[in-house]
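*Asks:* Here you go, one structure.
The numbers here are math on the coordinates, done by the rules we state, and not lab data. This is a predicted model, so every value here is computed, not measured. Don't worry about glycine lacking a Cβ; one is built from the backbone with ideal geometry, like all the others, and counts go over all protein chains shown.
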Amino acid sequence: MTQMDGFVDALKAIVGAANVITDAQQMETYMNEERGLFHGTARAVVRPGSTEEVSAVVKACGAAGVSVVPQGGNTGLVGGAVADAGAVILALARMNKIVAIDPDGFTMTVQSGCVLQDIREAADKAGCLFPLSLGAQGSCQIGGNLATNVGGINTLRYGTARDNVLGLEVVLPDGRIWNGLRALTKDNTGYSLRNLFVGSEGTLGIITGAVLKLYPKALAVETAFCALPDLDAALPLLDRARRMSGDSVSAFELICRDGVRLSTTYLKGLSDPLDAPHPWYALIDFSSTSPSVPLRQTFEAFLESAFEDGIIVDAVIAESVEQNRNLWRIREELPEAQKYEGGSIKHDVSVPVRAVPEFIRRASEAVVKAVPGCRPVPFGHMGDGNIHFNVSQPEGANSDEYLAHWHQMSAAVYDVVHDLGGSFSAEHGVGRLKVDYLARYRSEVELDLLKRIKAAVDPANLMNPGVFFPR
Ligand SMILES: Cc1cc2nc3c(=O)[nH]c(=O)nc-3n(C[C@H](O)[C@H](O)[C@H](O)COP(=O)(O)OP(=O)(O)OC[C@H]3O[C@@H](n4cnc5c(N)ncnc54)[C@H](O)[C@@H]3O)c2cc1C
């Protein structure tokens, strides 16, 4: 019997033989990363069913000097859940219980392997809203959402994952369990450990449970697809929407013309919602939790005033659930539509909201200079200053040759972002994909603090090594 057989047997003794996968073919789905940019090489995939089992697995890995890569729904976009150098993948899907819902106290306690969509549906059934919402919600897990501090379409109103969690349970790198499952909004007792683990991308421990924050359910939502005369109209339009709605804008998405063209050309069942093409569009949601607020009236008054002042030139209001769905599909499925015109180099960046138009102009110039003929397709969460700056290949170009420019183009975009005081990763994190950029764009002081925190919590560097810093 080899040492490795002994290690695998120890894992089987903890979680049961059926929950330890070592067969290469069966492990394959856990090895592939969403965009196909990485491929993993794990020793085993382990599927624990409880916090105690996670703790025992982490202790066994520590004793054998084997690194651990936590994996949720594996929808991350920066290679954070990819195992390398023979690590163990700790897949949390079996830990999918909604432990308790308190609709009067507006909290929900969950295990970390719960799928986001299931959490949203459970909250809805209890007459509440859990506001995190994103394209991957049918498969991403709350543990992954917290580990990446996910954003999504409602951040403008409800904040990121960090703003929607009250307490956490975490298995530490030495296997101890930190029970911080406190349902407290106010808790000023030293450093915020909860905030340390949110956004830590599996590098400090395994999130096994969370107390989430709920909200009253929206009783009315109004959606409009608006045409803007130019990019500079976006900021005054956002400003007006927030002020005239009593700050009840729940989404404000900016989309360039080429984005709308791509979605309405290639996606089944979609057509241009407006009669003529326009250079820029905003997809806007107002929502209200009050039965007595005349939301439609407020929404129409806002659109009329924006129209009178020339900051929108045309608009359509969704009149049915289906129309609403189709307007949102134009935005949400845009990356899918982009694939029909070849390769796309993607950037998920943020700048101060005021700087969004300047960023788009300067970054567009920079990428065209780097790869003449490339086609910027910027869109995203204007209200959060978060733009998905995707750049399509030049028409007729070879996709592989174009994608070979990824790093050169990204450096050009991130330099503009940095110059404007922004972040090279607004939503998706650093993972393994953006390690070099962390080193390049964060100050020595900041990097030193990040490294010291990592070394203090995980001195043996067994938790997801290779994420944030080179191995
Ligand atoms: C179609 C699509 C749309 C998306 N839209 C958005 C969006 O709008 N906004 C956004 O921010 N992101 C978005 N993403 C990215 C992705 O969905 C999020 O990062 C999501 O939070 C990842 O969750 P997951 O469960 O899939 O985590 P995984 O991909 O499995 O893991 C992501 C990271 O978290 C760590 N991790 C996972 N579970 C745990 C745990 N329990 N404890 C500790 N660490 C853990 C992993 O090690 C890894 O580093 C999108 C992705 C897709 C495919």
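*Asks:* Rounded to the nearest 10 degrees, what's the angle between the helix 295-308 long axis and the longest principal axis of the chain, both from Cα atoms, 0 to 90?
*Replies:* 60
*Asks:* Tally Lys and Arg at +1 and Asp and Glu at -1 over the other residues with C-beta under 12 Å from the C-beta of I312: what net charge comes out?
*Replies:* With Lys, Arg at +1 and Asp, Glu at -1, the neighbours total -4.
*Asks:* Enter the angle in degrees (range 0 to 90, nearest 10) between the Cα long axis of helix 257-266 and the first principal axis of the Cα atoms of the chain, meaning the one along which they spread out most.
*Replies:* Around 70 degrees separate the two axes.
*Asks:* Moving to a separate point now. If you count, for each residue, the other Cβ atoms within 10 Å and average over each peptide, how do 66-77, 150-161 line up from highest to lowest?
*Replies:* 66-77, 150-161
*Asks:* On a C-alpha basis, how far is the centre of the range 176-230 from the centre of the range 28-79 in Å? Whole number, if you could?
*Replies:* About 23 Å separates the Cα centre of the range 176-230 from the one of the range 28-79.
*Asks:* On a 0 to 90° scale, report how tilted helix 321-332 is relative to the longest principal axis of the chain, with both axes built from alpha carbons and the result rounded to the nearest 10.
*Replies:* Compared with the principal axis, the helix lies near 70 degrees.
*Asks:* Hey, what did the chain get for relative contact order, percent, Cα under 8 Å, at least 6 apart?
*Replies:* 14
*Asks:* Compare the peptides 187-196, 288-297, 131-140 by average per-residue count of other Cβ atoms within 10 angstrom and give them in order, highest first.
*Replies:* 131-140, 288-297, 187-196
*Asks:* Ranked from highest to lowest mean number of other Cβ atoms within 10 Å per residue, what is the order of the peptides 370-376, 24-30?
*Replies:* For the peptides 370-376, 24-30, the packing ranking is 370-376, 24-30.
*Asks:* Further question on the same structure: Please work out, to two decimal places, the log10 of the ratio I(q)/I(0) at q = 0.06, 0.08, 0.12 Å⁻¹ from a Debye calculation in which every Cα of the chain carries one identical scatterer.
*Replies:* So the normalised log intensities are -0.28, -0.50, -1.11.
*Asks:* Between the range 142-161 and the range 260-329, what is the C-alpha centre distance in whole Å?
*Replies:* Answer, in whole Å: 24.
*Asks:* Tally the DSSP beta bridges in the chain and give the antiparallel ones as a percent, rounded to 5.
*Replies:* Antiparallel bridges make up about 90 percent of those DSSP assigns within the chain.
*Asks:* Still on this structure: With the cut-off at 18 Å, tell me which of the pairs K12/K59; K346/K454; K346/K434; K97/K125 have Cα atoms farther apart than that.
*Replies:* K346/K454, as the Cα separations exceed 18 Å there.
*Asks:* Report, in whole Å, the centroid distance computed from the Cα atoms of the range 403-471 and the range 340-370.
*Replies:* 19
*Asks:* In addition: Cut-off under 16 Å on the C-alpha distance; same-chain residues fewer than 8 positions from K339 excluded. Which lysines are left, in chain and number order?
*Replies:* K268
*Asks:* Figure the gain on full extension for E52 and L196 (residue separation times 0.36 nm, minus the Cα-Cα span) and round it to one decimal in nm.
*Replies:* Once the chain is fully extended between E52 and L196, it gains 49.7 nm.
*Asks:* Expected output is a single nm value to one decimal: the length gained when fully extending between R35 and Q297, i.e. 0.36 nm times separation in residues minus the C-alpha distance. What is it?
*Replies:* 90.0 nm is the gain from fully extending R35 to Q297.
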